[in-house]
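Everything on this sheet refers to the single structure shown next.
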Amino acid sequence: MNSLGPQSIFSIGGLSEIGVVRRAGNLMAQSQGFSELRAGELALVITEAATNISKHAQQGTIYLRMVSRGSRKGIEMLAVDKGPGMVDLPHNMQDGRSSTGTYGVGLGTIQRLSSELEIYTAPGKGCVLMALVWDDVTTLESTDWQVGAMCIPLPSEDVCGDGWANGQDEQLLNILLADGLGHGPEAAIASNLATNALNHYPQALPARMMQHCHDALRGSRGAAVAIAQINTDTDEIRFAGVGNIAASFYHHDKRQHLISSNGIVGSNLPRVREYPAAWQPDSTLILHSDGITTHWDLEQYPGLKHSHPSLIAAVLFRDFCRGRDDGTVVVVKDQRERV
């Protein structure tokens, strides 16, 4: 599973804004130890994606973050727009093709230079492109888990009051999402206390881990917290939630909701109930804070549930973010084959 850093956000409208995000990507590449050649390839990926937004959708957003897997370092780029979408994606993916005759040679260049590339698009549903560029071109082995997340502050704030964390060993996968009350620095302090508790008690069951979070958050603003723990030995998910965080998981076409209790972690903790459920390999878990409305339905996006978690998270954030609070979506996919 990749470790994901915080995202940097770049609005793309006119062509003049492309240089800003390209330079930011170059600074990230330097901090990740990229060679000059690999940093230049990342710059081309960013430039082409931003140019496509400007020319085809007129307005959109690029999100950049540093990622790691073991000793390997990389940059994840998400290019998100609400434009007309693409009808013939394979045609546009041909290397050397530029449908507008502008800078770059089309999506084929992004495909050729990226370590991983996935695109979700449909007519009238815009486009979300995920490109992952590792520090060198050697192939990484696939992992049992994929994770994607959007964790974005209220536009008027510099820090996000939401936070999330994951932890994994040979048997357990833990995912925690915290929403500090309100927004801004004090909310961020509360959510960080919760995510740190997960790191300190990785073997605790969710109900016990929630108590650790409560103890850590005493004296803070408090937070809503949801904790999911997947046991791969027993194929079981256990969930505990306090406050307004939505959680559900998919297996094939079936969606199962996970229930949270009312309360505030760090202030008014109720008796925490832990809910077990059967978990299947190739299932998908989705958690999100109340900065995202609950009215979404993956069935309204043909093929999206088969996409990379980063694409799912980006589409849900793009289309269902309330815009008046911090917003976080965390998506985890179990890629183990069923026996």
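The values are calculated or read from the model by the stated rules, or taken from the named source; none is laboratory data. What you see is a predicted model; the values in this text were computed from it and never measured. Using ideal geometry, Cβ is built from the backbone for each residue, glycine included, and neighbour counts are taken over all protein chains shown. When the accessible area is computed, the model is the full protein with side chains, heavy atoms only, and any ligands, DNA or RNA have been set aside. Shrake-Rupley method; radii C 1.70, N 1.55, O 1.52, S 1.80 Å.
Figures for the structure shown
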read-out: Residue selected from region 137-174 under the condition over 18 Å from the mean Cα position of the chain (by Cα), farther than 28 Å from Gln59 by Cβ and surrounded by 14 or more Cβ atoms within 10 Å (Cβ to Cβ), by the criterion modelled with the highest pLDDT; value: Leu172
read-out: Residue, farthest from Gly108 (Cα to Cα), within region 35-70, restricted to residues that are without any contact (Cβ under 8 Å) to a residue 12 or more places away in the chain and either of a type outside the set (A, V, I, L, M, F, W, C) or buried (at least 22 other Cβ atoms within 10 Å of the Cβ) (or both); value: Gly70
read-out: Pairs with Cβ under 7 Å, 6+ apart, first in region 124-148 and outside any loop (DSSP other than H, G, I, E, B), second modelled with pLDDT under 85; value: Cys127/Gly85; Cys127/Met86; Trp134/Leu140; Trp145/Met1; Val147/Met1; Val147/Asn2
read-out: Selection count where residues are crowded, with 20+ Cβ neighbours inside 10 Å and farther than 28 Å from Ser283 by Cβ, scope region 195-229; value: 6
read-out: Pick from region 46-82, criterion assigned to a loop (DSSP other than H, G, I, E, B) and under 24 Å from Gly167 (Cβ atoms), ranking: nearest to the chain's Cα centre (by Cα); value: Gly70
read-out: Number of the condition not met by Phe10 [criteria: (1) modelled with pLDDT of 95 or more; (2) open to solvent by less than 30 Å² (accessible area, probe 1.4 Å)]; value: (2)
read-out: Top-ranked residue of region 230-263 - restricted to ones that are within 25 Å of the chain's Cα centre (by Cα) and among the β-branched types (Val, Ile, Thr), ranked as most open to solvent (accessible area, probe 1.4 Å); value: Ile259
read-out: Enumerated strands (runs of 3 or more DSSP E) restricted to region 253-339, each holding at least 2 residues that are on the phi < 0 side of the Ramachandran plot and in contact (Cβ under 8 Å) with a residue 40 or more places away in the chain; value: 275-278, 284-288, 327-334
read-out: Conditions (1) over 30 Å from Leu298 (Cβ atoms); (2) part of a loop (DSSP other than H, G, I, E, B); (3) modelled with pLDDT under 95: number failed by Glu17; value: (2)
